[in-house]
Every structure is written in structure tokens, then in C-alpha cells.
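Enquirer: Pasting a structure here, questions to come.
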Amino acid sequence: MLYLTLIVCFVASILITPLIKKLAFVIGATDRPNHRKVHQSIMPRLGGLAIFISFMAGIFLLRPENSYSFAIIIGCLIIVITGFCDDLFELPAKYKLLGQLAAACSVVFLGDLQMVFINLPFGGQLQFGFFSIPFTILWIVGITNAINLIDGLDGLAAGVSSIALITISGMAMIQGNFYVVAVGSIVLASTLGFLFYNFHPASIFMGDTGALFLGFIISVLSLLGFKNVTFISFVIPVIILGVPISDTLFAIIRRIINKQPLSAPDKSHLHHCMLRMGYSHRQTVLLIYAMAAFFGLVAVIYSQARIGGALFLIGMVVLIIEIIAEKIGLMGKDHRPLLNIVRTLKTSTAKDRS
């Protein structure tokens, strides 16, 4: 039944997307080019609605049972309505945040989904207590925005989200968590159908309707798959979502360094930096896909490693991320602390030899 449902979702997404494209033009849910945008013509930006409708069709057909199901559906409806309103009216940031908080709270309070504790690697537990609620809400809102921030090139958010969904669903299958496998696969099939129209050159954007929905459902599925486990396992969803999380963190650092508001838009995200380096639109997207796949592979290896190996692996990944970020200028052209240290050491060594 799962395979049939996935085929239905995939085909439904392909068939519904052209209809959503027409609807977007009729109601004015379009994206006009400006100095921050890469596209050069007016584009419909309601494509995420096709993903959501296909997802709901899959949920209705398969009916995966879980105590969290009702709360997750309510949260999805809230986040999609928020995204739809933003695609249509371009909501102020505070109203978008309110919608994200409402969606997160529906899962936390209606579904009682919380990160309560983590088993520490060397014994004992880290109990979150009262902070389990704000921590869980912060995770959901943070990942939702992280996916939204990378939605800057044709097919980028849809592709990176698909890779994350493949990894989450695959690891859930290993753990025997059928609900996460079912829901993750349904979202994946719906997203891949939409990607036919969204990959470069795109004929429609997913808009905030899609980016917020994908970010929300990925954040919730990662919690369902890895909550109340060991510290090592807790890091797995962070690694899986390495591309959007690292891009978001460096955006925050960049704005703090430049003394800008955290919500201030700019053209220094990962995809912007790679375009400035001379990569084409398609090359940039494919390279970021490769990065996302690399993080997915690392997450799988990490999940099978012993504590010492896992900690060493995460250290190496953090080092690689920092070097790449400084090389391409994610924190700004002049902020390269690690590379500056290396350069200073090389200069000192050269002077000592001479």
C-alpha cells in the first residue's frame, strides 16, 4: 500500500502543479525580480501548495497511525496558511514568525511532542525539564526558517529537502519507525513530483508555502525519529540538515559582525557566494545537492560509530564546514579567522627557515 500511495503522491504533484501555477497568476501570488533575486522575470510562487495537496492525499490514502498525527496535521495547516498568505500578501516578518510559533505550539501542546532528555555518552541523563518546551519550539522554528533561507535558486530547497527526507526515512526504516518512514516518504514523493517544474530553469517557485511546509515537517520528523535518545543520536538530525543549518548559523554570525538586524536580507548565503565564484545556476544547485548528500552519508556513518569515533567525525565535519565557509566568504570577505591563523603560521615558519 505504501508504494501505491507514493506513486499517487508523485503523479498528483505532477498533475496539480500546472493548475497551481495558473492559480498563482490569477490571484497575484508572483515573485517579481529585484536586486536580491536571481531570476529575471515574474514567476508564480505558490508551488508549495501542490506539494501540500499531494501530501494530504497520501496521508488520506495510507492513514499512518500515530498519537501525534492530529497535531502534526493541524501544524501543517497553520504553516501552509502562513506561507500562502506570505506568497500572496508578503507578510511582515513578525507575522510569519507568529504563524511558525503557532504551528510549533500545536505539535508541542496538542501532540505533546517534546525533547525531554538526552542520554549522555559517558553515563547519566541531561534532563531538559521546563526547557523541553522552548527547546522543542526553537528546534521546529529554527529548521523551518533554515529551509526557507536556502530557497534562493531553482530546485535548491526542494532538492536539499528531498535528500534530508531520504536520509531521515532511511534511518527510521533501520530503527523500525514505520510512521516516520511513511510520512517522510509521502512528503518526498510529493516534493519530487514538484521538482519536475522547479529544477532549473524553473517554471514555478515553491514560495513560502512550500519552504515553510517542508521545513516544518522535516523538523517534526527528525524529532519523532531521534527524540529521547543518546547525545550521539541527537546530533544525527543536525548533521542531516547540515547545509541549511550551517548556512543559517553563518548568516546570523555575518549579521552580528556587520551589526545588522538578524532578519535583514542579504546576498551572502551559500548559493550567492558560489554564484559569485563563477559557478552557473545549475552547477551551484548540483554542488549544494552534493554537500547535502555528503552530510546525509556522514550522518549514517556517524550513527554506526563508537563514541570516540563519532566525536572525532563531528569535529572533522565542523572543521571542514568552517574552512569552506571562510574560503567562499560566508561570514564576509574579511572575516576568516582560521585561514588567517594558518597564513600567520606559514609566514612565521617561512621567516624561521630564512
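The values are calculated or read from the model by the stated rules, or taken from the named source; none is laboratory data. All figures in this text were calculated on a predicted structure; none of them were measured in a lab. Cβ: placed from backbone, ideal geometry, glycine included. Neighbour counts: every protein chain shown. Accessible surface areas use protein heavy atoms only, side chains included; no ligands, DNA or RNA. Shrake-Rupley method; radii C 1.70, N 1.55, O 1.52, S 1.80 Å.
Enquirer: Using per-residue counts of other Cβ atoms within 10 Å, averaged over each peptide, order 157-164, 134-141 from highest down. Write out the running numbers ahead of the final one.
Expert: Values: 157-164: 25.6, 134-141: 18.6.
Top of the packing list down: 157-164, 134-141.
Enquirer: Calculate what fraction, in whole %, of the accessible area of the stretch 1-86 sits on carbon and sulfur atoms when a 1.4 Å probe is rolled over the protein chains.
Expert: Answer for the stretch 1-86: carbon and sulfur cover 72 percent of the accessible area.
Enquirer: Mind checking Rg over Rh on the chain, alpha carbons, Kirkwood formula for Rh? Kindly include the intermediate steps, with their values, before the conclusion.
Expert: Values: Rg = 20.7 Å, Rh = 21.1 Å.
Here Rg/Rh amounts to 0.98.
Enquirer: Distance between the C-alpha centers of the stretch 59-95 and the stretch 240-302? Whole Å please.
Expert: When both Cα centres are located, 25 Å separates them.
Enquirer: Only Lys, Arg, Asp and Glu count, each charged at its Cβ (+1, +1, -1, -1), so figure out the dipole size of the stretch 77-175 about its Cα centre, rounded to 20 debye. List each step's numbers first, then the result.
Expert: Details: 2 positive and 6 negative charges, 60 e Å.
Magnitude of the dipole: close to 280 debye.
Enquirer: Counting helices only, and only those DSSP H runs with n ≥ 4, report the 222 nm mean residue ellipticity of the chain as the sum of -39,500 (n - 2.57) divided by its residues, in deg cm²/dmol to the nearest 500. Could you put the intermediate results ahead of the total?
Expert: Working: 14 runs with 250 residues, N = 354.
Result for the chain: -24000 deg cm²/dmol, rounded to the nearest 500.
Enquirer: Moving on to the next point. How much length is gained on full extension from LEU77 to VAL11, taking 0.36 nm per residue of separation minus their Cα-Cα distance?
Expert: Numbers: separation 66, 0.36 × 66 = 23.76 nm, distance 2.20 nm.
The LEU77-VAL11 span can extend by a further 21.6 nm.
Enquirer: Here is a further query. About the Cα centre, and with charges only on the beta carbon of Lys, Arg (+1) and Asp, Glu (-1), how big is the dipole of the chain? Nearest 20 debye, please. Each step should come with its number before you reach the end.
Expert: Details: 24 positive and 15 negative charges, 207 e Å.
Charge dipole of the chain: 1000 debye, to the nearest 20.
Enquirer: OK, next. Too long at a 31 Å Cα-Cα cut-off: which of LYS94/LYS327; LYS96/LYS259; LYS21/LYS333; LYS22/LYS333; LYS21/LYS259; LYS21/LYS327? Show your work: numbers first, answer last.
Expert: On the way: LYS94/LYS327 34 Å; LYS96/LYS259 23 Å; LYS21/LYS333 39 Å; LYS22/LYS333 42 Å; LYS21/LYS259 39 Å; LYS21/LYS327 39 Å.
In this structure, LYS94/LYS327; LYS21/LYS333; LYS22/LYS333; LYS21/LYS259; LYS21/LYS327 exceed 31 Å between Cα atoms.
Enquirer: Can I ask one more? If you average 1/r over every pair of different alpha-carbon atoms in the stretch 122-194 and take one over that average, what Kirkwood value in Å do you get?
Expert: Values: mean 1/r = 0.0699 Å⁻¹.
Mean inverse Cα-Cα distance, inverted, gives 14.3 Å.
Enquirer: Which log10 I(q)/I(0) values, to two decimals, does the stretch 138-274 give at q = 0.17, 0.21 Å⁻¹ under the Debye formula with one point per Cα?
Expert: Debye intensities relative to I(0), on a log10 scale: -0.91, -1.26.
Enquirer: Quick check for me: using +1 on Lys/Arg Cβ and -1 on Asp/Glu Cβ, what's the dipole size of the stretch 172-311 about its Cα centre, in debye to the nearest 20? Before the final figure, lay out the partial values.
Expert: Details: 8 positive and 3 negative charges, 64 e Å.
Computed charge dipole of the stretch 172-311: roughly 300 debye.
Enquirer: Once the Cα gyration tensor of the stretch 1-101 is found, what semi-axes does its equivalent ellipsoid get, as square roots of 5 times the eigenvalues, in whole Å, sorted largest first? The partial results should precede the final answer.
Expert: On the way: eigenvalues 156, 75, 18 Å².
Each semi-axis is the square root of five times an eigenvalue, giving 28, 19, 10 Å.
Enquirer: Contour minus end-to-end for ILE174 and LEU287, with contour as 0.36 nm per residue of separation and end-to-end as the Cα-Cα distance?
Expert: That works out to 37.9 nm of additional length.
Enquirer: Per residue, how much accessible surface does the stretch 155-197 expose to a 1.4 Å probe? Answer in Å², no decimals.
Expert: On the way: 1220 Å² over 43 residues.
Heavy-atom accessible area per residue stands at 28 Å².
Enquirer: Before anything else, pin down the relative contact order of the chain: Cα pairs under 8 Å, at least 6 apart, normalised by residue count, whole percent. Can you show the working numbers first?
Expert: Details: 515 pairs, mean separation 72.8, N = 354.
It comes to 21 percent, rounded to a whole number.
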